[in-house]
Amino acid sequence: MRKPYIAGNWKMNLTPSEGKAYAAELSAAVKKAGVDCRVMIAPSFVSLPGVVEAVKGSDIVVAAQNMANHLAGAYTGEVSPEMLKDIGVNTVILGHSERRQYYGETDEIINSKVLLALSLKMEVVLCVGETLEEREGGKLEEILERQLRVGLKDVLPAEMGAVTIAYEPVWAIGTGKTATPEDADSAHAFIRRTVAALYSEDIANNLIIQYGGSVKPGNIRALMEKENIDGALVGGASLKLDDFLPIIIFSK
Ligand code: PEP
């Protein structure tokens, strides 16, 4: 039985004080609603300490949106996973399409981050997804297979319990265009088959696969009804309680 996992990626939004106040509000609302899914929020680096403090005592997971692929050293502007762990952040989103697109992160770089995070016993949300051009060129499966095979290279079967996959078609992120629940489910089924081939049926069956791309209160239920969709990675709609809470309590 896979427990639904709803995550909010705040991207470069909300100041540390706004983020802290919102996290406290969200934490209280989630507690009151008594939800039975996992909830995660990923603020910017500078907001992390305040948000960790604001959700203390709740089950909300606080994640980073990225991290360095080194533990320490002369890497100006980077944030080490050890620094994250030191402030109580044990989960990290890696390979988001904006990191791939704007900051040149390759599958190999992403893989080095995945391995480093797992070696420190952190949980990873690994994002994969195709561009519109790749989808229209019939390359969906080729792209997803490569992103998974290279992104998960040398990850041990025993470490796969700490890995969540987020399927985020690039053309659906922040555009208002959502993949149909059927299209998303079929991509998720392909991801599960690929993980079964790389690891085992058992690992694939237990794998949480989130969908991301313009998820809103109005489309979460139809997405979550699909067999292979286990949660959501939400961008824009995770920034306001009025949008994010109904997504979290989609099943009520
Ligand atoms: C995201 O950034 O991961 C995302 C899915 O964004 P949005 O929900 O705004 O499309």
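The values are calculated or read from the model by the stated rules, or taken from the named source; none is laboratory data. All of these numbers come straight from a predicted model, not from anything done at the bench. Reconstructed Cβ throughout: ideal geometry from the backbone, glycine too, with neighbour counts over all protein chains shown.
The figures follow:
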| read-out | value |
| --- | --- |
| Breaking point among (1) at negative phi; (2) touching a residue at least 12 places away in the same chain (Cβ under 8 Å); (3) outside any helix (DSSP H, G or I); (4) not β-branched (Val, Ile, Thr), for Ala74 | (2) |
| Positions within the stretch 223-235 being within 15 Å of the ligand (Cβ to nearest atom) and either surrounded by fewer than 19 Cβ atoms within 10 Å (Cβ to Cβ) or of a type in the set (Val, Ile, Thr) (or both), in sequence order | Ile229, Val234 |
| Selected residue (criterion: nearest to the ligand (Cβ to nearest atom)) from residues of the stretch 68-84 that are in contact with a helix residue (DSSP H, G or I) (Cβ under 6 Å, 6 or more places away or on another chain) and within 21 Å of Met40 (Cβ to Cβ) | Val79 |
| Matching residues, the stretch 85-102, being within 14 Å of the ligand (Cβ to nearest atom), assigned to a helix (DSSP H, G or I) and either more than 16 Å from the chain's Cα centre (by Cα) or in contact (Cβ under 8 Å) with a residue 40 or more places away in the chain (or both) | Ser97, Glu98, Gln101, Tyr102 |
| Residue count, the stretch 103-116 (criterion: touching a residue at least 12 places away in the same chain (Cβ under 8 Å) and more than 27 Å from Ile87 (Cα to Cα)) | 2 |
| Unmet requirement for Ser119, which otherwise passes all of (1) under 25 Å from Gln65 (Cβ atoms); (2) in contact (Cβ under 8 Å) with a residue 24 or more places away in the chain | (2) |
| Flag if Lys226 is touching an Asp or Glu at 6+ places or on another chain (Cβ under 9 Å) and either farther than 17 Å from Thr175 by Cβ or not polar (S, T, N, Q) (or both) | yes |
| Val128 away from the ligand (no atom under 16 Å from the Cβ) and under 18 Å from the mean Cα position of the chain (by Cα) | no |
| Any chance Glu159 is closer than 22 Å to Arg2 by Cα, at pLDDT 95 or above, touching a Lys or Arg at 6+ places or on another chain (Cβ under 8 Å) and part of a helix (DSSP H, G or I) | no |
| Subset of the stretch 185-222 (residues that are within 12 Å of the ligand (Cβ to nearest atom), crowded, with 18+ Cβ neighbours inside 10 Å and either in a helix (DSSP H, G or I) or without any contact (Cβ under 8 Å) to a residue 40 or more places away in the chain (or both)) | Val215, Ile220 |
| Candidates Phe244, Phe250, filtered to the one that is among the aromatic types (Phe, Trp, Tyr), in contact with a helix residue (DSSP H, G or I) (Cβ under 8 Å, 6 or more places away or on another chain), within 30 Å of Glu18 (Cβ to Cβ) and away from the ligand (no atom under 14 Å from the Cβ) | Phe250 |
| Failed criterion for Thr76 (all others in (1) closer than 18 Å to Lys113 by Cβ; (2) among the β-branched types (Val, Ile, Thr); (3) touching a Ser or Thr at 6+ places or on another chain (Cβ under 6 Å) hold) | (3) |
| Enumeration of residues in the stretch 37-65 that are surrounded by fewer than 23 Cβ atoms within 10 Å (Cβ to Cβ) and polar (S, T, N, Q) | Ser44, Ser58, Gln65 |
| So Ala179, is it part of a helix (DSSP H, G or I) and buried (at least 21 other Cβ atoms within 10 Å of the Cβ) | no |
| Any hit, the stretch 154-161, residues being within 16 Å of the ligand (Cβ to nearest atom) and buried (at least 19 other Cβ atoms within 10 Å of the Cβ) | no |
